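The values are calculated or read from the model by the stated rules, or taken from the named source; none is laboratory data. Source: prediction; values computed, not measured. Reconstructed Cβ throughout: ideal geometry from the backbone, glycine too, with neighbour counts over all protein chains shown. The area values use the complete protein model at the heavy-atom level, side chains included, leaving out ligands, DNA and RNA. Shrake-Rupley method; radii C 1.70, N 1.55, O 1.52, S 1.80 Å.
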Amino acid sequence: MPFTRIAAKSDLPEPGEAREFTVGEKVVCVANVNGTISAMDNVCLHRGGPLGQGVIMDDKVVCPWHGWEWDPQTGQAGHNAAFRVAVYPIKVEGEDVLIEM
Ligand code: FES
């Protein structure tokens, strides 16, 4: 799959924040952990909470609904490695943010 532009570089979340971006029919959660940008599926596997609306604590995205924690680089849940959301390659090229779905 080719990379698709999802945003301008200036739209990226600040360090320590996450944000939702729409890619076609999907929404992804883009997180910035100490300057490292990563992208994972936006839908929490617990009850479908929007991960991109969560905060980052201890390098994990915390689901805003009931607090499950997700590693934005591996997609793994902090409390149980059997739970994993999809992660997507993401990169910045010039002023563009590109993702491979
Ligand atoms: S929906 Fe994410 S923790 Fe419940």
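Quick notes
- For segment 72-83, a residue qualifies if it is open to solvent by 60 Å² or more (accessible area, probe 1.4 Å) and within 20 Å of VAL23 (Cα to Cα), and exactly one does: GLN73.
- Selection within segment 52-66 - more than 13 Å from the ligand (Cβ to nearest atom), without any contact (Cβ under 8 Å) to a residue 40 or more places away in the chain and surrounded by 15 or more Cβ atoms within 10 Å (Cβ to Cβ): ASP59
- Looking across segment 1-53, just one residue is modelled with pLDDT under 95 and touching a Phe, Trp or Tyr at 6+ places or on another chain (Cβ under 9 Å), and that is VAL23.
- Residue among GLU69, GLU17, GLU100, GLU95 that alone is over 14 Å from the mean Cα position of the chain (by Cα) and open to solvent by 40 Å² or more (accessible area, probe 1.4 Å): GLU95
- Close contacts from segment 22-51, counting a first residue that is open to solvent by 50 Å² or more (accessible area, probe 1.4 Å) and a second that is among the aromatic types (Phe, Trp, Tyr) and not in a strand (DSSP E or B), with Cβ to Cβ under 6 Å and a gap of 6+ residues or different chains, come to LEU45/PHE83; HIS46/TRP68.
- Of all residues making up segment 67-95, the number that are part of a strand (DSSP E or B), within 14 Å of the ligand (Cβ to nearest atom) and among the aromatic types (Phe, Trp, Tyr): 1
- Search result, residues across segment 4-51 that are assigned to a loop (DSSP other than H, G, I, E, B) and either in contact with a Lys or Arg (Cβ under 6 Å, 6 or more places away or on another chain) or within 14 Å of the ligand (Cβ to nearest atom) (or both): PRO13, ASN42, CYS44, LEU45, HIS46, ARG47, GLY48, GLY49
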